[in-house]
Amino acid sequence: MPSQRSQPSQSSEATGQAAQEQQPALTGRQRLVMGLWPPRVTRAQLIVALLLFGLGFGLAVQVASNSDSDSALRGARQADLVRILDELDDRTQRLEEEKQGLEDQRTELENSSDQAEEARRQTVEKERQLGILAGTVAAQGPGITLTINDTEGTVEADMLLDAIQELRAAGAEAIQVNGVRVVAGTYLADSGNGISVDGNKITRPYRFKVIGKPQDLEPALNIPGGVVQTLEKEQAIVTVERADKIVVDALRAAKRPDYARSSSQ
């Protein structure tokens, strides 16, 4: 009896093995299809797919729009095309005129800026020149140093004034005598044992610092019967030295005239 029960079980196992042996083997393509379906989509793949879809849709819309425009132009009448071209020409001309106008404005502004800068520079230069003449600013440049050593005390104020006038006539641009700036209204006077310049007493020796062209200043003092010979007759010792750089740093306070006013006011 036990041997009869085991026979059906062995029979079923043999049947299953036979069925498996009879089933055909899967090809590579079939295994690939079975691996891809049903699809397993990740989040990254979904985002990429949406982006590609949006890009394709935008390209399709643009192509369609261009096609519509081309179709509209192809379907337009000749008169309409001529009008469109005229409008484009007019618009181009207006833009060119606006561009030229802007360039002209830029050029005008640049020129105005240059003119303003030049006017400012000239004003500063003119102020400096007037300041040198008025004695309100220091000056430097080539010139001479005139030294008068009055050992006998015989030199008088009018002799120094003659020296100043001779230097001015020779082109002196700035003069300083013993620390006193000489200006247009400068006056000299005898003062006891010395001489005063604009009320400031100066002592011997008298030293002139003069800015101008040395080749003109020195000969003007040494002309026959001129300043040097006159002073030497008074037993004074006179020396004239040329220099490439003379510094005149004595200053005068700017003074407003009491009565004179500019005629332009």
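Can you give the FRET efficiency for Glu98 and Leu133, using 1/(1 + (r/R0)^6), R0 = 35 Å, r = Cβ-Cβ distance, to the nearest 0.05? Mind dumping the intermediate values first?
Values: r = 52 Å, r/R0 = 1.49.
FRET efficiency, Glu98 to Leu133: 0.10.
Mind checking the per residue accessible area of segment 124-191 for me, 1.4 Å probe, whole number of Å²? Don't skip to the answer; put the middle values down first.
Values: 3270 Å² over 68 residues.
Here the residues of segment 124-191 average 48 Å² of exposed surface.
Looking at the calculated P(r) for segment 90-138, what percent of the C-alpha pair distances fall above 13 Å?
69
Limiting things to C-alpha atoms, what are the Rg and the maximum Cα-Cα separation (Dmax) for segment 140-200, in angstroms?
11.8, 35
What order do you get for 143-149, 120-126 when each peptide is scored by the mean count of other beta carbon atoms within 10 Å, highest first? Intermediate values should be presented prior to the final figure.
Values: 143-149: 21.1, 120-126: 10.0.
The densest-packed peptide leads the list: 143-149, 120-126.
Expressed as a fraction of 2.2 N^0.38 Å, the rule-of-thumb size for a compact globular protein of N residues, what is the C-alpha radius of gyration of segment 69-197? Can you show the working numbers first?
On the way: Rg = 36.8 Å, N = 129, 2.2 N^0.38 = 13.9 Å.
Taking the Cα Rg and dividing by 2.2 N^0.38 Å, one obtains 2.64.
What aspartates and glutamates does Lys233 reach when the alpha-carbon gap must be under 17 Å and sequence neighbours fewer than 8 apart in one chain are set aside?
Asp150, Glu152, Glu156, Asp158, Asp162
So, in Å, what gap is there between the alpha-carbon centers of segment 203-265 and segment 87-126?
51
Once segment 179-238 is represented by equal point scatterers at the alpha-carbon sites, with solvent omitted, what log10 I(q)/I(0) does the Debye formula produce at q = 0.18 Å⁻¹?
-0.83
Under 19 Å Cα to Cα from Lys201, which lysines show up? Leave out anything in the same chain fewer than 8 places away.
Output for Lys201: Lys209.
The values are calculated or read from the model by the stated rules, or taken from the named source; none is laboratory data. Worth saying up front: this structure is predicted, and the values here are computed from it rather than measured. Positions of Cβ are generated from backbone atoms using ideal geometry, with glycine treated the same way; all protein chains shown enter the neighbour counts. To get the accessible areas, we keep the full protein, side chains included, count just its heavy atoms, and leave off ligands, DNA and RNA. Shrake-Rupley method; radii C 1.70, N 1.55, O 1.52, S 1.80 Å.
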